[in-house]
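The values are calculated or read from the model by the stated rules, or taken from the named source; none is laboratory data. All values reported here derive from a predicted model rather than from experimental measurement. Positions of Cβ are generated from backbone atoms using ideal geometry, with glycine treated the same way; all protein chains shown enter the neighbour counts.
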Amino acid sequence: MSTLAVLPVILPLAAGAASVLLWKSLRVQRVVGVAATLALVIVSLLLFREVNREGIIVVHMGSWPSPIGISFVVDLFGSIMVVLAAITGAATAIYSVRGIDKRRQSFLYFPLLHILLMGVCGAFLTGDIFNLYVWFEVLLMSSFVLLALGNERDQLEGAIKYVTINLMSSALFLTAIGILYGTFGTLDMADLSRKIAATQNTGIVTTLSMLFLIAFGIKAAIFPLFFWLPASYHTPPFAVSAIFAGLLTKVGVYAIIRVFTLLFPIDPGFTRPLMLFLAAMTMLTGVLGAASQMEFRRVLSFHIISQIGYMLLGLALATPLALAGSVFYIMHHIIVKANLFFIAGLAERIRGTSDLKAIGPVSVYARSPLVAILFFIPAMSLAGIPPLSGFFAKLVLVRAGLEIGEWAIIAVALVVSILTLYSMTKIWAEAFWKGPARREDEAESDNKDAVPPSMLLPVATLAAITVAVGLFAGPIFDIASRAAAQLLDKEGYVRAVLGDEAMQEEESP
Amino acid sequence: MNSIILQTATRFLMPLILVFSVVILLQGHNKPGGGFIGGLLAAAAFSLHALAFNPAETRASLRFDLRSIIAIGLLIALSAGLPALLTGQPLFTGLWHDVVVPGIGVVHLGTPLLFDLGVYFVVIGISVLMVLTLVED
């Protein structure tokens, strides 16, 4: 049981180290890359099953008990995130075999991918706030290299913005941890949770919560800290964009949700209005930014931002239903968003450009109807068309908002949803539909054999998962709502980590 | 740089520094030292070699590719955590064993030493790689 909880970190590390050792053979690296990420999917599903059955799993690293040592604490939300990370990782590894050029692969692309996954999984599993910082650094380091790998002019320009802003965020995060440790004398999140709840000094608690909100807000790309994202995400190869788009900002969202349920529960007087405002602005600026763009990946990048707003919305409302909506939204979003970036890559390979206006004259549909249909599914899901996953995700959030009478934010969410549909139809119309369906003379830039099966497979699988999430929305929503209930049950978390004695100690000081 | 003084000095200093780095590595668990500083010291020895002679010779003298050294270090460090898993304890639980070495006496050996050894190699690999890359340009 304890082995299962650490495997999502050990496996990518072992695979990464082995791939560095085998740096001479790209073929072996590819095989290890695909095999290890598929194994990670299996491990993560087993871990999820275990957590689902047994409740929160706690592993005290090196047998040092909390709060002295570092613990891995795996609850439902964490294990769901690990499953999503593993699926995205496996899809990226398979897509990269043909999707990443040999030169990049020979500069240790696959090892970096493994280390990135290790960082992401570690962040989802750890129960120690400083350890969370360390995992953030691990994933950021490899993301810096992945972003700049290839040394193209655009890439370096994007990477500079990305690195600078993320280092600032890390510095803020570290500062906040320092103050937290100075005030409460512990870094274990369970221990912090009860100490913060017991403290009289609300001033410092509010200050800390805002520091964390800014630090994680930069990483999650919420308003007004999002500008680095559309400046960098369209520059690296498509496979790298896809895994960044699917996972990295969601690690920020995960951290915000974790911190604002366990350490600083949403305060209806102060944090809720603030977060609702941020959520509304994030949704609006994101979707308006997307409406003004004409480049495939830039449109998608701005949509990441607007979607982050929805996840924040669920957290801000802080009812069990709303939080379940957030969890459901993240599940839906990671799969759909990574897939859309993959498809942008396919479209670019078919037509030789990802500028929507330039694709126009000969539609992707005319070249490859299959790719067009595979785009249609996640795009409509993103816009929230039933019966796809996005519809249910939005439905839950809207219902949660109506229940507690936050009319304004719901109105914003619905308007943003319509604008999302507008953007997706724009891409569909410009890139996939426009122009004659058949054309006798082939356009010169076209490449009929551009889409190998190994790149279609992950795209088709992710699209199938999107459809499945929509079809089995009931059971999946059930899981999401239990994850949300667990998130709101602070005492359960503390008891699982520190044991029953800690709770009694607290009651009779 | 082509200085006969530096080259001669390096021939004497390099073995000394390398032996000292191992001493630092071994005393690390209970006294100041450990894999990280030990590794840095060893990396300093190789950097000195690269300055005194030339980077190509340093690469040759290492025998192994630097990337492989990093990877082996990572695997050693990881393997230090695994014995605990086999005995059903949480990852990285320190397991100790007393070994009688003829001539020295009882040596207290444990998995944390293995971890330090892994760190030692990773630090050597990465530091020397950085230094050589800078010197070669």
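For the stretch A:1-37, residues that are more than 21 Å from B:Ala77 (Cα to Cα) and outside any helix (DSSP H, G or I) total 3. Listed by first and then second residue, the pairs with beta-carbon distance under 9 Å, at least 6 apart or on different chains, first residue in the stretch A:10-31 and at the interface with chain B (Cβ under 8 Å from one of its Cβ atoms), second among the basic types (Lys, Arg), are A:Val20/B:Arg67; A:Leu21/B:Arg67; A:Trp23/B:Arg67. Looking only at residues of the stretch A:338-388 that are part of a loop (DSSP other than H, G, I, E, B), of a type in the set (Gly, Ala, Ser) and within 28 Å of the chain's Cα centre (by Cα), we find that the one that is nearest to A:Thr92 (Cα to Cα) is A:Ser354. One residue alone among A:Ile305, A:Ile335, A:Ile330 is in contact (Cβ under 8 Å) with a residue 60 or more places away in the chain, out of contact with any Phe, Trp or Tyr (no Cβ under 9 Å at 6 or more places or on another chain), crowded, with 24+ Cβ neighbours inside 10 Å and among the β-branched types (Val, Ile, Thr), and that residue is A:Ile335. Of all positions in the stretch B:63-86, at least one carries a residue that is closer than 30 Å to B:Ile4 by Cα and more than 13 Å from chain A (Cβ to nearest Cβ).
Put simply, of A:Ala231, A:Ala242, A:Ala279, A:Ala255 the only residue that is modelled with pLDDT under 90 and part of a helix (DSSP H, G or I) is A:Ala231.
Of all residues in the stretch B:1-54, those that are among the basic types (Lys, Arg) and assigned to a helix (DSSP H, G or I) total 1.
Taking each residue of the stretch A:259-282 that is of a type in the set (D, E, K, R) and looking for partners that are modelled with pLDDT of 90 or more with beta-carbon atoms closer than 7 Å, six or more apart or interchain, yields A:Arg272/A:Ala316.
So, B:Asp65, is that one surrounded by 14 or more Cβ atoms within 10 Å (Cβ to Cβ) and of a type in the set (Asp, Glu) or not? Yes; evaluated as a whole, the condition is true for this residue. For B:Gly103, indicate whether it is within 14 Å of chain A (Cβ to nearest Cβ), more than 25 Å from B:Leu129 (Cβ to Cβ) and surrounded by fewer than 13 Cβ atoms within 10 Å (Cβ to Cβ). Judged against the criteria, B:Gly103 is not a match. Before we move on, is B:Leu51 surrounded by fewer than 21 Cβ atoms within 10 Å (Cβ to Cβ) and within 14 Å of chain A (Cβ to nearest Cβ)? No: the conditions fail for B:Leu51. Per the listing A:Val73, A:Val51, A:Val82, the residue uniquely among the β-branched types (Val, Ile, Thr), under 30 Å from A:Leu315 (Cα atoms), within 14 Å of chain B (Cβ to nearest Cβ) and surrounded by 22 or more Cβ atoms within 10 Å (Cβ to Cβ) is A:Val73. Looking at A:Val97, A:Val82, just one residue is more than 20 Å from A:Tyr254 (Cβ to Cβ) and of a type outside the set (Asp, Glu), and that residue is A:Val97.
Would you call A:Arg103 without any contact (Cβ under 8 Å) to a residue 12 or more places away in the chain, part of a helix (DSSP H, G or I) and more than 14 Å from chain B (Cβ to nearest Cβ)? When the stated conditions are applied, A:Arg103 does not pass them.
For the residues A:Gly150, A:Gly122, A:Gly158, the requirement of being touching a residue at least 60 places away in the same chain (Cβ under 8 Å), outside any helix (DSSP H, G or I) and out of contact with any strand residue (DSSP E or B) (no Cβ under 8 Å at 6 or more places or on another chain) singles out A:Gly150.
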